[in-house]
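Q: Would you mind keeping the following structure in view while I ask a few things?
The values are calculated or read from the model by the stated rules, or taken from the named source; none is laboratory data. Note that the coordinates shown come from a computational prediction; the quantities given were computed from them, not determined experimentally. Glycine gets a Cβ as well: all are built from the backbone with ideal geometry, and neighbour counts include every protein chain shown. Side chains included, ligands, DNA and RNA excluded: accessible areas come from the protein's heavy atoms. Shrake-Rupley method; radii C 1.70, N 1.55, O 1.52, S 1.80 Å.
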Amino acid sequence: KELQTWAKFGCFSRKPKSHARNVIDCRWVVKWKWEKLPDESKRRVIRARLTVRGFKDCDAGTLASYAGTSQRYSQRIVASEATIRGWDLCTADISKAFLQGVSYEELAATTGEPQREVNFYLPGGSVPILRQVDGFKDFDPSREVLHCDKPGTGLVDAPRAFSLKLAKVTEDICGLRPTAVDPELCVRHASGVLTCILTKHVDDLELAGRRELVEWVIKELEKVFGSLSVTWNSFTNCGVRHIQC
């Protein structure tokens, strides 16, 4: 399932080993967790996350490692404005965020930096699983590696690539402008009146505003990033428990 997710988001492609530079290994990070089912019951599942060992990246020392994290006072401003204006608070989580950033080609075009070359190979025993993914049926690990078309989980520039894509959606589509005091605190005005406010903490968002407008923002985000996990009025965001009554 994890490899299919990487393939669905266009994170990797096949490349001949002889033409590959900057080849890194990776590992599976396994987590046992409870998953909620539609009937409200739970089942225990094992989630395997593929993580590229980014500390072995040849270019790691020269990369910008920006991650979009809002300041604590920005989160307090959101709660304060919601209270003053009688708005509902909500939190939204973007699934598989680090696989949904901009591609290396888009990153180079946006920043003017040289396009990155990153490749990796799977741990032993994983190639038969990879061959079950469309387009990799005859993958030969002795002659090929997996080429990163966009930064994947574990790479230093993955948070930056995701932050750039998220900013495109919130600014260009949703009309939420970053503030000068904190670029991860974004606001939207109508005729000079505040109508929506949002903080970004990598893939965790906290929103407040006119209910119909917040729901529209969430729908626009879901068009790009898929279904979001949204909780209203009672939630924990960045370690702070919010209870609104």
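Q: It is to be established whether one or more residues within region 179-188 are open to solvent by 30 Å² or more (accessible area, probe 1.4 Å), over 24 Å from G54 (Cα atoms), in contact with a strand residue (DSSP E or B) (Cβ under 7 Å, 6 or more places away or on another chain) and among the β-branched types (V, I, T).
A: From region 179-188, those open to solvent by 30 Å² or more (accessible area, probe 1.4 Å) are 179-181, 183, 188; that's our starting set.
Imposing the further condition that a residue be over 24 Å from G54 (Cα atoms) reduces the set to 179-181, 183, 188.
From the residues that got through so far, the ones that are in contact with a strand residue (DSSP E or B) (Cβ under 7 Å, 6 or more places away or on another chain) too are 179, 188.
Next cut, among the β-branched types (V, I, T) only: 179.
Yes - at least one qualifying residue is present in region 179-188.
Q: Return the residue satisfying two criteria in turn: it lies in region 6-53 and is under 20 Å from the mean Cα position of the chain (by Cα) and assigned to a loop (DSSP other than H, G, I, E, B), and of such residues it is nearest to Q100 (Cα to Cα).
A: Filtering region 6-53 for residues that are under 20 Å from the mean Cα position of the chain (by Cα) and assigned to a loop (DSSP other than H, G, I, E, B), the one nearest to Q100 (Cα to Cα) comes out as F9.
Q: I would also like to ask the following. Give me the pairs, please: first residue somewhere in region 205-223 and at negative phi, second residue anywhere and open to solvent by 90 Å² or more (accessible area, probe 1.4 Å) and of a type in the set (K, R), beta-carbon distance under 9 Å, and either six or more positions apart or on two chains.
A: Qualifying pairs under 9 Å: A208/R85; R210/R85.
Q: Here is a further query. Regarding L164, is this residue touching a residue at least 40 places away in the same chain (Cβ under 8 Å), open to solvent by 30 Å² or more (accessible area, probe 1.4 Å) and either under 30 Å from A20 (Cα atoms) or touching a Lys or Arg at 6+ places or on another chain (Cβ under 7 Å) (or both)? Write out each step before concluding.
A: Values: touching a residue at least 40 places away in the same chain (Cβ under 8 Å): yes; open to solvent by 30 Å² or more (accessible area, probe 1.4 Å): yes; either under 30 Å from A20 (Cα atoms) or touching a Lys or Arg at 6+ places or on another chain (Cβ under 7 Å) (or both): yes.
Spelling it out, L164 is indeed touching a residue at least 40 places away in the same chain (Cβ under 8 Å), open to solvent by 30 Å² or more (accessible area, probe 1.4 Å) and either under 30 Å from A20 (Cα atoms) or touching a Lys or Arg at 6+ places or on another chain (Cβ under 7 Å) (or both).
Q: Okay, moving on. Return only the number of the condition from (1) part of a strand (DSSP E or B); (2) over 16 Å from T153 (Cα atoms); (3) hydrophobic (A, V, I, L, M, F, W, C) that A109 does not satisfy.
A: (1)
Q: Out of R131, R76, which single residue is among the charged types (D, E, K, R) and touching a Phe, Trp or Tyr at 6+ places or on another chain (Cβ under 6 Å)? Spell out how you get there, then give the answer.
A: Working: R76 fails: touching a Phe, Trp or Tyr at 6+ places or on another chain (Cβ under 6 Å).
Among R131, R76, only R131 is among the charged types (D, E, K, R) and touching a Phe, Trp or Tyr at 6+ places or on another chain (Cβ under 6 Å).
Q: Can you name the residue in region 116-125 that is under 19 Å from T51 (Cβ atoms), at pLDDT 90 or above and of a type outside the set (V, I, T) and, of all such residues, is most open to solvent (accessible area, probe 1.4 Å)? Full working, then the answer.
A: Filtering region 116-125 for residues under 19 Å from T51 (Cβ atoms) gives 116, 118-125.
Subset that is at pLDDT 90 or above: 118-122.
Subsequent filtering for residues that are of a type outside the set (V, I, T) retains 119-122.
Numbers: N119: 0, F120: 0, Y121: 117, L122: 23 Å².
Only one residue tops the list, namely Y121.
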